[in-house]
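Working notes for the structure below.
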Amino acid sequence: MQFDHTFPGNQISRRQALRVMGGASAAAATASLTGAIAADSSAASQRRLVVLNPYSGIDWRTCGRHKAALHLHTLQSDGQHPVVEVVNAYRKAGFEIMSITDHDWNYPNARVEWKMLPPEKASPYPKGPFRPNFPADPTWPWTDYGCSEPRALGMVGIQGNELTFRHHINSYFSDYGVWYTRTGKRAPYGGIVDANGKEVWEDDQLLAIRDKGGLAVINHPGIPNVHAWWERKPLSWYVDRYQKHPAKYLIGLEMANNEPSQYPYDEGLWDQLLARFMPRRPIWGFGNDDMHEMKGARQAFTVFFLDQLTESSVRKAMESGRFCVCTSTKRVDYGNQPAAVSVFPKLAAVEVDETAGTIRIEVADCDQVRWISAPEALEPVADYKTSDRPWQQGRVVHVGNTLHYRQAAGIHNYVRAELSRTEGQDTHRTLTNPFGIGGA
Ligand SMILES: [Zn+2]
Ligand SMILES: [Zn+2]
């Protein structure tokens, strides 16, 4: 199905847009378009409602704030460290939720094979018997890899796997992974096939995660094309995936993987997608350090707001967006304790007041709060293969703790907050998930 994503949603009439977009596709994006058009008239803006609040129902006085690392690599694929070292180091750095997401296409000890580590550093795990889809099976349970049970460490561990042969996708709560003899050791985009010789594409992988009851997040879209194993995708590719696969299992986008060049690309892509899909189909933003080596680790992680720290409550929060993302330009060494983890702006409370027409947030350790809504233009402005800014970023519609969402100009179908704090040369940011705006 073709999805025309080039229409300037805030410049053409709804009827025109529906015609441009065509039948089935049109229905899918009507919600975002409605928001865009509503913003054009002040009468409509007076009827704006917050129709989706990912933080509703949280008791901010009592809820726990739990740091999560949901994208970690170990010796079980191409990482530098044993599972037990990674888990212990992150636990000491205050993380209470973790997912080891080793690449499905690597055998254990890839760095030994590549002569980046001496043979004596090799992991002896897994000790077998191997699972049928070894080596594509997740590094799970951790006790099979010389690590304690997550619960014994006072934390939640999540079964995870990074699907790597096509666009990288993190799979959670499922043992799905792709490795077939016929696939061979070729890098992604090498034309992977299943046991019957049928090609396997991202849609097949996402459906397989769904069928196994798992959740999926599309990873680090902005990695530059300089890697032989990576090929950037056009915006329409992402639109198709989020259109084809509902939020029930394709829950989000890794919009902070924290390479400086990726920041405008990934976050801009997120805003472009939110402009098309909110509030009907949320796409939660995830931030991960994608750690392969603890020295010089990026600081990008999520913070969950939970009544209790259990696997099921973490899963529910992942599905409903009840978390925020912290991301920084500063790097740390999680292996060198105590890790000098930066002080990030704190999201202390969120309050939506429908009568006053406000979203008010309480913050700490924060210099500035910016509210961001849909980009002004939805057409790409440069070549996504070569530019790190191929599309417009989200539009800043207000600065300050309290957003008057019926009065602020430029609010379309969603709004999200960015809390920032400067420390010397570095900027530490905390990003909320999007609030859905509708009701016009
Ligand atoms: Zn990856
Ligand atoms: Zn990764």
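Only the coordinates and a few stated rules stand behind these numbers; no lab work does. These figures come from a predicted structure and were not determined experimentally. All Cβ positions, even for glycine, are placed from backbone atoms using ideal geometry, and neighbour counts span all protein chains on display.
Tabulated data for the structure shown
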{"read-out": "Nearest-ten-degree value, helix 262-277 long axis tilted from longest Cα axis of the chain", "value": "50"}
{"read-out": "Inter-label distance for N196 and Q368, nm, one decimal - labels placed 7 Å from Cα along Cα-to-Cβ", "value": "5.6"}
{"read-out": "Set K115/K295; K127/K316; K127/K233 screened for pairs whose C-alpha atoms are more than 29 Å apart", "value": "K127/K316; K127/K233"}
{"read-out": "0 to 90° range, to nearest 10: angle between helix 311-320 axis and the chain longest Cα axis", "value": "40"}
{"read-out": "Segment W237-A152, extension gain: residue separation times 0.36 nm, minus the distance between their alpha carbons", "value": "26.4 nm"}
{"read-out": "For the chain, calculated [θ]222 nm from helices alone, where every DSSP H run of n ≥ 4 adds -39500 (n - 2.57)", "value": "-6000 deg cm²/dmol"}
{"read-out": "Note, ³J(HN,Hα) from phi for the stretch 408-425, Karplus 6.51, -1.76, 1.60, rounded to Hz, x at Gly and Pro", "value": "5, 7, x, 7, 10, 8, 7, 8, 9, 10, 10, 9, 9, 9, 9, 9, x, 7"}
{"read-out": "Low-density loop positions, GluC sites (Glu not before Pro), the stretch 366-430 - DSSP coil, at most 14 other Cβ in 10 Å", "value": "none"}
{"read-out": "Residues whose placed amide H lies under 5 Å from that of L52, excluding near-sequence neighbours", "value": "G436"}
{"read-out": "Nearest-ten-degree value, helix 83-92 long axis tilted from longest Cα axis of the chain", "value": "50"}
{"read-out": "Beta bridge orientation in the chain: antiparallel %, DSSP, nearest 5", "value": "75"}
